[in-house]
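All remarks here apply to the structure that follows.
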Amino acid sequence: MSKLEKIPLLQEIKHLLAHAAGKYFVHVRLVEGKLPDCDQSFRCLFAGKSHFTKWLESNTYSEPPTVIWQRRMYIPAFRSIVQSNPDAADLIVAVIPRQHETKFEGLYHYKGTELVRQTITTTGTWDEVRLQFSVRKRRTSNHIENKFGLKTRVSHDLKDLEFFYNRMYIPHIRKRHGEFAQIDTFEEQKRHFDKGMLMFTTKDDKVLAGNLCNIEDGILYLRRVGVLDGDESLIEAGLQTAVYHFSIKYANENNLRAADAMMSMPFLNDGVYNTKKEWGATVSPSDDYNTWVYFINKGPYQKLMHFYAKHPFIAISENSMKGVVGETLGDSQTLEETLNRYRSRGLSGFHIHTKNGVTEIKETS
């Protein structure tokens, strides 16, 4: 075998070794900086080189944090290392393959997923479906077709998929997510398209927005959304709202049991999450990644309060989902306003972090 012939084999071996190592070793990074509205230093240990940890680190501190150290860690030794260094960090956020779940039992305070799924029930009459919407979405939904003159059309044309991918999806996701944009390949989108369709939103026969979707087991899956050239003014004019309206209405008119609005970041103040919530979506864990996200609280209550005020996390708790929220003011009126803002279908309660400790609040249905 020549040297050139050996190169692909060596690359394949390297890939297999890296994949195997990823199951037992994790990249760990200890950083320190100031949280917004908090004059104290906050140390966070991020474990797992994932989109979730990168995003969280970039959006936690008021300025880029100082990297104290970073290294690879053997996952089975994670518990003993954490327990033998109790003051190393105020918070540990670890994204770990699920095969190691038993090694983290009793160690973490909160467990969740890198993304959450949001599903909108579409059974019953259209008026019954609309009762799930927020008041604002109901009002907007009333005017989309008649007042705004928006319409929808379904396409199975591959040329339309190429147009959607290049002129809508890619510009939209790049403008929305910047350096954190995770862009599908055209082949990935074509696989969904071959089992589904495109739903375009039009005005005066001009295509302005689109939704790549498919139907499985009585559910309409809203795979990807885009607006023409990623134009933010179109979003502000309600085009993305119209995409959701027409998709939910299509599912209802075709006797489908739900519209699956797909994934959002697992934070109660996330804009995408809240848009879907306003359409009546119920939140549930996602199985898209074979990982768990663990939050291990190590620092004083006041620091953790500020962190969870900025990042109200959706955690899995006793076969249900609960919000983990920081409340910095601490009075009952402000707390109730916070809970009203974060209440969602699918949440059974909250863990409230204040400067004095943690309180659990159960929601009654």
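Straight-line reach from K195: which lysines have a Cα under 17 Å away, not including same-chain ones fewer than 8 places off? Leaving aside lysines fewer than 8 places away in the same chain, those within reach of K195 are K159. The chymotrypsin sites (Phe, Trp or Tyr not before Pro) of region 144-208 that meet both conditions, a loop assignment by DSSP and at most 16 other Cβ atoms within 10 Å of the site Cβ, are F148. For the chain, the longest piece that avoids every one of the GluC sites (Glu not before Pro) found in DSSP loops with at most 16 other C-beta atoms within 10 Å covers 146-317. Look at V28, V116 and count the other Cβ atoms within 10 Å of each Cβ; fewest to most, that gives V28, V116. Going from the residue with the fewest nearby Cβ atoms within 10 Å to the one with the most, L329, L161, L107, L220 rank L329, L107, L161, L220. Apply the a/c threshold of 1.5 to the C-alpha gyration tensor of region 231-365 and tell me whether it is rounded, prolate or oblate. Judged from the Cα gyration tensor, region 231-365 comes out prolate (a/c at least 1.5, a/b above b/c). For T334, T291, T102, T202, the sequence from fewest to most other C-beta atoms within 10 Å is T102, T334, T202, T291.
Distance between the modelled labels on D331 and K206, one decimal in nanometres: 5.1 nm (7 Å Cα→Cβ projection).
Calculate the all-directions average of the projected area of region 116-283's alpha-carbon convex hull, and give it in nm².
Working: hull surface 36.9 nm².
Result: 9.2 nm².
Seen against the Cα atoms of the chain and their longest principal axis, helix 332-342 is set at about 60 degrees. Loop by DSSP (not H, G, I, E, B), at most 16 other beta-carbon atoms within 10 Å: where is the longest site-free stretch of the chain for trypsin sites (Lys or Arg not before Pro)? Longest gap between qualifying sites, sites excluded: 50-146.
Would you mind checking the pairs K310/K355; K249/K276; K111/K277; K190/K276 and listing those with alpha carbons more than 18 angstrom apart?
Details: K310/K355 15 Å; K249/K276 15 Å; K111/K277 22 Å; K190/K276 25 Å.
In this structure, K111/K277; K190/K276 lie more than 18 Å apart at Cα.
Here is the size of the chain from its Cα atoms: Rg then Dmax, 22.7, 75 Å.
Rule-based calculations on the coordinates, nothing more; no lab input. The shown structure was predicted, so the numbers you read here are calculated from the model rather than taken from an experiment. Quick reminder, even Gly has a Cβ in these numbers, built from the backbone with ideal geometry, and neighbours come from all protein chains shown.
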